[in-house]
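The values are calculated or read from the model by the stated rules, or taken from the named source; none is laboratory data. In this text, all values refer to a predicted model and were calculated from it rather than measured experimentally. Counting neighbours? That spans all protein chains shown, and the Cβs are built from the backbone with ideal geometry, glycine included.
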Amino acid sequence: MKLSCRRGVAGLLISLVLFLGCTMPPSAAQPPLSATAAQATLDSWNPNYCKVAEFYGLYKPEAAGTTQVAYVAIANPGDRAQKPVVYAANFQILTRPDGRSQWFLTSLITHGSGFLTRRQGWDALMIPVKEVSSKE
């Protein structure tokens, strides 16, 4: 008797979860992240050290689209002898306190340089992406 009661309760809970999950309102459309906005953000967040030498493109690693990765070659504008290094710039959509969604640069990481590669870069960034007009 206890086994059938547990199955009934489990079935009721699963039905309730499925019902509530299906009736939730769809999330608002996410704002697009343009390559121009991503490059402008990378160029402006630390202009004394980082300048995008080449922008390879954006990659969307998940189907939901809340994360995008830009692959870029970055050089130090003050050091002409330095070769550009390839970085993966991670951008994520975050919800602001007022409910708006906005893209943020959250990390800039490279795995190259040296015999034993190690992860280098900036992990804890929270740089808001500002959309730039295409007329500039």
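Numerical summary
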read-out	value
Residue satisfying all of: in the stretch 19-64; modelled with pLDDT under 75 and not aliphatic (A, V, I, L, M); nearest to VAL86 (Cα to Cα) among these	GLN30
Boolean, VAL86 is surrounded by 14 or more Cβ atoms within 10 Å (Cβ to Cβ), touching a strand residue (DSSP E or B) at 6+ places or on another chain (Cβ under 6 Å) and either among the charged types (D, E, K, R) or within 26 Å of SER101 (Cα to Cα) (or both)	no
Complete set of residues in the stretch 42-80 that are more than 17 Å from SER107 (Cβ to Cβ), touching a Phe, Trp or Tyr at 6+ places or on another chain (Cβ under 7 Å) and hydrophobic (A, V, I, L, M, F, W, C)	none
Failed criterion for ALA88 (all others in (1) more than 16 Å from GLY121 (Cα to Cα); (2) modelled with pLDDT of 90 or more hold)	(1)
Unmet requirement for VAL72, which otherwise passes all of (1) out of contact with any Ser or Thr (no Cβ under 9 Å at 6 or more places or on another chain); (2) of a type in the set (Val, Ile, Thr); (3) modelled with pLDDT under 90	(3)
Residue satisfying condition, being touching a residue at least 12 places away in the same chain (Cβ under 8 Å), over 16 Å from GLU131 (Cα atoms) and either of a type outside the set (Val, Ile, Thr) or surrounded by 16 or more Cβ atoms within 10 Å (Cβ to Cβ) (or both), within set ALA63, ALA53, ALA40, ALA81	ALA53
Residue in the stretch 107-125 that is assigned to a loop (DSSP other than H, G, I, E, B) and either modelled with pLDDT of 90 or more or surrounded by 14 or more Cβ atoms within 10 Å (Cβ to Cβ) (or both) present	yes
Evaluation of ARG100 against (1) surrounded by 11 or more Cβ atoms within 10 Å (Cβ to Cβ); (2) modelled with pLDDT of 85 or more (one fails), failing number	(1)
